[in-house]
Amino acid sequence: GCVLVVSVIEQLAQWHNSTVKAAVERLCDYIPGKYQIMCHMSCCIDKEMNADVVCHSLRLCKQDPGQPLCHLYSPPKLHHLCELMHPSTFIFLPLQKSFMGFSSVCAFPLLANLCEKIKFVLRNKLPFEDFDGDKFSTFPTLRGYHWRGRDCNDKNTTVYPGRRPDNWDAKSDSNCNGIWGVDPKDGIPYEEKFCKGADSRGVVLLGDSAGAHFHIPPEWMTVTQMSAKSFANLPMAFSDEFDWPQFSEITGFLNSTIGGWTDSLYLRLRKRNRCNHRDLQNISQNVYFPNNIAPYLSFSLARNQLLDNPAIVIYATIGNDVCNGERDTLAHMTTPKEMLSNVVQALRYLDTHLPNGSHVILTGLVDGRFLWDNLHNRYHPLGQLNKDVTYSQVYSFLDCLQVSPCSGWLTPNETLRNLTSERALQLSNVLKEIARSEKFANFEIFYMDFPLRQTAEEWRKMGGEPWQLIEPVDGFHPSQIAAALGTGITWQKALHEWPQVLGKENPFNDQIEAIFKDQGGH
């Protein structure tokens with residue numbers, strides 16, 4: 001974090017030909033008020049020192065005994081580094097100590113309350129603002145309706161997206177799909193007229209950070225593009241854990257503001273059957289699932305087997321089982337035996353909670369060699385101004401700090417990359433065998449490979465480059481373009497091979513939309 005902030009400040013000073021103090025003031029003008037925590041750093045930065053040196057000098061970066069010296073930039077001469085790391089280098093020592101007291105973002109008083117809310121949603125994967133306890137919210141972030149369909153009555157626990165209508169919603173909208181009331185022409189409830197026998201169903205994602213759609217905007221660290229507008233979405237991003245599920249491949253529903261376009265399984269299901277409106281849940285997280293996710297599902301999944309519509313559940317942890325930041329990364333990967341046990345336990349839990357007629361799609365792991373092959377020698381956003389930081393350097397820096405999102409793939413060691421992909425293939429084969437051999441009472445189960453190769457081919461046909469399918473800042477997650485293209489590929493496979501999964505096309509969609517427009521709705 002320190003290296004990132006100092007790098008941006010130094011590059012801002014360089015780009016605008018200003019002092020460091022002026023660069024800090026400029027950055028602080030860009031950033032919304034309570035997030036201006038890096039303003040405390042101005043006393044400690046010298047334009048002639050690279051960010052590694054500054055952060056080691058502040059003791060925010062350190063070298064543990066017997067461990068390598070982690071650095072993003074080319075290191076200075078050793079005696080120069082030692083000289084700069086001496087406290088006497090800095091005149092404003094009290095301010096330095098003040099900053100070090102706030103080394104944790106959540107220690108800042110203005111952010112402490114928000115951090116407590118975020119800790120709650122990280123533990124529970126449930127909306128923080130949920131007054132009736134039905135696991136749906138009227139608030140967008142903090143696991144609110146960016147992650148799950150928007151509640152239409154947060155004071156009534158029997159009203160929520162995805163339930164079967166109460167008395168055909170003649171008097172009120174019990175399932176939040178916007179269809180309720182009685183047609184004055186014939187006295188038939190609209191929900192009965194338009195949605196009865198329509199194969200209504202929701203979509204639920206059990207995923208990792210790729211499914212949550214982790215994204216750090218590149219303009220946050222590209223000084224040539226930086227302005228106050230660049231950081232306007234910082235508060236929302238922070239309270240959504242730097243995830244953007246509202247634009248994601250499975251549950252996206254808003255037009256993308258982070259590049260590319262939004263196309264999702266939910267949007268396509270909604271277009272196919274307007275009665276599916278708001279029936280979505282994104283139960284994904286940025287850190288590794290616990291080995292047994294059944295208890296985790298027990299408090300995160302919102303589905304009543306007796307009262308709710310069936311669901312399409314996408315099980316897509318495309319890299320978590322082989323990705324970690326450990327030095328002995330292979331030893332910490334999930335084994336095929338563990339994979340079999342974990343997934344079958346989760347499926348058995350789902351079988352006791354999903355309504356009959358549901359479907360589960362197991363998605364295979366990605367072949368992450370694509371990342372190194374297409375990015376390692378390209379410049380990272382931090383390195384574009386001075387052509388001094390490649391993705392290879394970023395990967396090595398994170399690996400040295402033991403915080404790499406995937407030590408097995410983000411490495412110059414080709415043998416290790418191949419072994420990681422070999423394990424990923426073994427685990428995908430486990431999923432494939434589960435789909436072939438296991439039977440469940442309340443849902444059918446299917447398997448599909450992660451469509452990376454098809455996505456890359458489709459993007460090339462459109463004139464794109466493979467590296468554009470990867471998030472530019474972390475160099476690891478699928479980009480918005482990759483998410484949108486992947487949706488189309490998944491949809492076509494389901495349409496041709498498993499049409500029963502998607503349900504029937506509702507012949508009343510146009511009439512539903514026409515009534516909404518007549519009533520001034522959307």
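The values are calculated or read from the model by the stated rules, or taken from the named source; none is laboratory data. Predicted, not measured: the structure shown is a model, and the values here were computed from it. Positions of Cβ are backbone-derived with ideal geometry, glycine not excepted, and every protein chain shown enters the neighbour counts. To get the accessible areas, we keep the full protein, side chains included, count just its heavy atoms, and leave off ligands, DNA and RNA. Shrake-Rupley method; radii C 1.70, N 1.55, O 1.52, S 1.80 Å.
The residues of the stretch 377-522 present an accessible area of 50 Å² per residue when probed at 1.4 Å with all protein chains retained.
The simple Förster model, with R0 at 35 Å and r as the Cβ-Cβ distance, assigns K193 and E433 a FRET efficiency of 0.20.
Distances between placed amide hydrogens fall under 5 Å for S248 paired with F253, all partners being 5 or more residues away or on another chain. Sequentially through the stretch 369-374, phi angles give Karplus couplings (6.51, -1.76, 1.60; θ = phi - 60°) of 4, 4, 5, 4, 4, 9 Hz, Gly and Pro residues having no value and appearing as x.
The stretch 410-459 and the stretch 116-186 have their alpha-carbon centroids 34 Å apart. Full extension of the chain between S74 and F516 yields a length gain of 153.0 nm, computed as 0.36 nm times the residue separation minus the alpha carbon distance.
Rounded to the nearest 20 Debye, what is the dipole magnitude of the chain about its Cα centre when Lys and Arg each give +1 and Asp and Glu each give -1 at the C-beta?
220
What FRET efficiency do you get for D186 and Q492 if R0 is 30 Å and r is their Cβ-Cβ distance, rounded to the nearest 0.05? After rounding to 0.05, the efficiency reads 0.15. 5 Å is the cut-off here: which amide hydrogens, built 1.01 Å from N in the peptide plane, fall below it relative to Y447, excluding neighbours closer than 5 in sequence? Counting only residues 5 or more places away or on other chains, the set is L362. Residues in the stretch 233-238 carry Karplus couplings, in order, of 8, 4, x, 5, 4, 4 Hz; the curve used is 6.51 cos²θ - 1.76 cosθ + 1.60 with θ = phi - 60°, and Gly or Pro positions show x. The C-alpha atoms of the chain define a longest principal axis, and helix 391-400 lies at about 80 degrees to it.
Summarising the strand pairing of the chain, around 20 percent of its internal DSSP beta bridges are antiparallel.
Counting charges near A441 (Lys, Arg +1; Asp, Glu -1) among other residues having Cβ under 13 Å from its Cβ returns a value of -1. Note on the stretch 135-206: Cα Rg divided by 2.2 N^0.38 Å, N the number of residues, gives 1.19. Computed from backbone phi with θ = phi - 60° and the Karplus coefficients 6.51, -1.76 and 1.60, the 3J(HN,Hα) list for the stretch 264-280 is 9, 4, 4, 4, 6, 5, 5, 5, 5, 8, 4, 5, 7, 3, 6, 8, 8 Hz; x is used for glycine and proline.
In summary, the lysines within cross-link reach of K229, defined as a Cα separation below 17 angstrom excluding same-chain residues under 8 places away, comprise K34. Database remark: amide H of V313 closer than 5 angstrom to the amide H of V204, H359, V360, I361 (H placed geometrically; neighbours at sequence offset of 5 or more, or on other chains; Pro and chain starts carry no H). According to the Cα-based calculation, Rg over Rh for the chain is 1.00, with Rh computed by the Kirkwood formula. When only Cα pairs below 8 angstrom with a gap of at least 6 residues are kept, the chain shows a relative contact order of 14 percent. Could you tell me how many degrees, from 0 to 90 and to the nearest 10, lie between the Cα long axis of helix 480-497 and the main elongation axis, the longest principal axis, of the Cα atoms of the chain? So the helix axis and the longest Cα principal axis differ by about 30 degrees. Dimensions of the stretch 407-522 along the principal axes, based on C-alpha atoms and rounded to the nearest Å, stand at 62, 41, 24, largest first.
Helical runs (DSSP H, four residues minimum) scored at -39500 (n - 2.57) apiece and divided by the length of the chain put the mean residue ellipticity at 222 nm at -11000 deg cm²/dmol.
Helix 414-437 sits at what angle to the longest principal axis of the chain, using alpha carbons and giving 0 to 90 degrees rounded to 10? It works out to around 10 degrees.
Mind jotting down a quarter of the surface of the convex hull over the alpha carbons of the stretch 230-369, in square nanometres, one decimal?
Over all viewing directions, the stretch 230-369 projects a mean Cα-hull area of 10.9 nm².
Per q in 0.17, 0.22 1/Å, what log10 I(q)/I(0) does a Debye calculation on the alpha-carbon atoms of the stretch 434-478 return? Per q value, in the given order, log10 I(q)/I(0) is -0.64, -0.76. Taking only the Cα atoms of the stretch 156-298, the ratio Rg/Rh comes out at 1.09, with Rh defined as the Kirkwood radius. Here the accessible area of the chain is 54 percent carbon and sulfur, with a 1.4 angstrom probe and all protein chains present. With equal scatterers on the alpha carbons only and no solvent term, can you work out the Debye log10 of I(q)/I(0) for the stretch 202-505 at 0.15 1/Å? Normalising to I(0) and taking log10 leaves -1.26.
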